[in-house]
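Read the figures in this text as sums done on the coordinates, not as results from a lab. Values in this document were obtained by computation on a predicted structure and should not be read as measured data. We place every Cβ from the backbone using ideal geometry, glycine too, and count neighbours over all the protein chains shown.
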Ligand code: PEP
Ligand code: MN
């Protein structure tokens, strides 16, 4: 249920509705809007009777939210949500580009790639300090040292950065250093980590699990938002299907589909989506074509020697070429 307040409702009237919801054993989450505040009723067991609310001062309406996801739904917040990472806006008019190496390897390598992606026009730097690798013998990331290097490179380039949190302990560290916290595909249904992310004071980049339905993905975002963090960005990064010619099957049709349902920004990762650098440009065309509001792209100054995901990492020149092509593409889609 969504309690919609009148435009001129007072903070006291809003608080009275919150108190009423909580006195009935449910949780209230006020959603301030451009025009008016709405209050979302969460953790209700069964249907909520609207009548006690409709008679309260300042209340305009009580709307039943038909979907299991409430806070992520456009029924609750009809306007597109814009999320700020440093000075960068995700979900606004401009396409947001996040780029950088899969993993942080050293200061020198990170700085080299960061300078290259910045001069090509990237908005945010990416880099894993804690890597979720299939094999325990593969490079696992530099850990906290990697986060320190990312913070140093942020000072040197001015680029805010996103880095992945693979568990609670790491989430504490990533929250301390990073501008945005990534929850990776393998952890999309790690509900205790999602709750922890919901208590973080930083925006969350939530990647779709590799075999998650759209509803499971949105419910994962709901976990984060139900804890109070409203800054969630969704990212399609390819799913597992019967098609095994590529690392993953990039599910482009999910982008316009979920954008109709949710107000949260939706990005696409064409690097993990195809697992091959030659596919990054065509998949980017597709992603922008279906309405992705941004991209996250792996770039490495020396991909042949990258410690993680080299085959799908673009050379800096390829990334610069892609960035040059983007404005025309966006214009073609929007006209
Ligand atoms: C990554 O971004 O490097 C990564 C591991 O992504 P995903 O969780 O989508 O596999
Ligand atoms: Mn990677």
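Restricting things to alpha carbons, find the Rg to Rh ratio for region 102-222 using the Kirkwood radius for Rh.
0.98
Can you tell me which of 201-209, 86-94 comes out highest on packing, and rank the rest after it, using the mean Cβ neighbours within 10 Å?
In decreasing order of mean packing, 201-209, 86-94 become 201-209, 86-94.
When the chain is fully extended, how far beyond the present Cα-Cα distance does residue 324 get from residue 152, taking 0.36 nm per residue of separation?
The span from residue 324 to residue 152 would gain 59.2 nm if fully extended.
Tilt of helix 280-289 relative to the longest C-alpha principal axis of the chain, in degrees (0 to 90, nearest 10)?
30 degrees
Could you give the distance between the Cα centres of region 45-67 and region 123-188, to the whole Å?
One Cα centre to the other: 42 Å.
Neighbour counts of other C-beta atoms within 10 Å: give me 43, 315, 161 arranged from fewest to most.
43, 315, 161
Using mean Cβ contacts within 10 Å as the protection proxy, how do 125-133, 59-67, 226-234 order, highest first?
Those peptides, ordered most packed to least, come out 125-133, 226-234, 59-67.
Pick from 236, 169, 12: which residue has the top mean-square fluctuation in a GNM of the chain where Cα pairs under 10 Å get a spring?
12
Evaluate the relative contact order of the chain (contact order divided by residue number), counting alpha-carbon pairs under 8 angstrom at least 6 apart; express in whole percent.
15 percent.
Report the extension gain between residue 60 and residue 278 in nm, rounded to one decimal, defined as 0.36 nm multiplied by the number of residues separating them, less their alpha carbon distance.
Length difference between fully extended and current span is 73.1 nm.
Using per-residue counts of other Cβ atoms within 10 Å, averaged over each peptide, order 301-310, 144-153, 260-269 from highest down.
260-269, 144-153, 301-310
Given the chain, what whole percent of its Cα pairs are spread farther than 39 Å?
The share of Cα pairs beyond 39 Å in the chain comes to 17 percent.
Return 281, 142 ranked ascending by Cβ neighbour count within 10 Å, so the fewest neighbours appear first.
281, 142
With 10 angstrom as the radius, rank 137, 223, 214, 191 by how many other C-beta atoms surround their C-beta, starting from the fewest.
By the 10 Å Cβ count, ascending: 137, 191, 214, 223.
What is the angle, in °, between the Cα long axis of helix 11-23 and the longest principal axis of the Cα atoms in the chain? Nearest 10 is fine, range 0 to 90.
The helix 11-23 is inclined about 90 degrees to the chain.
Along its principal axes, what span do the Cα atoms of region 2-63 show, with the longest given first and each in whole Å?
Extents along the principal axes, in whole Å: 30, 20, 19.
Could you tell me the convex hull volume per residue, in Å³, taken over the Cα atoms of region 1-147?
Spread over its residues, the Cα hull of region 1-147 gives 186 Å³ apiece.
Only Cα pairs under 8 Å and at least 6 apart count here; give the relative contact order of region 2-63 as a rounded whole percent.
Once normalised by length, the contact order is 48 percent.
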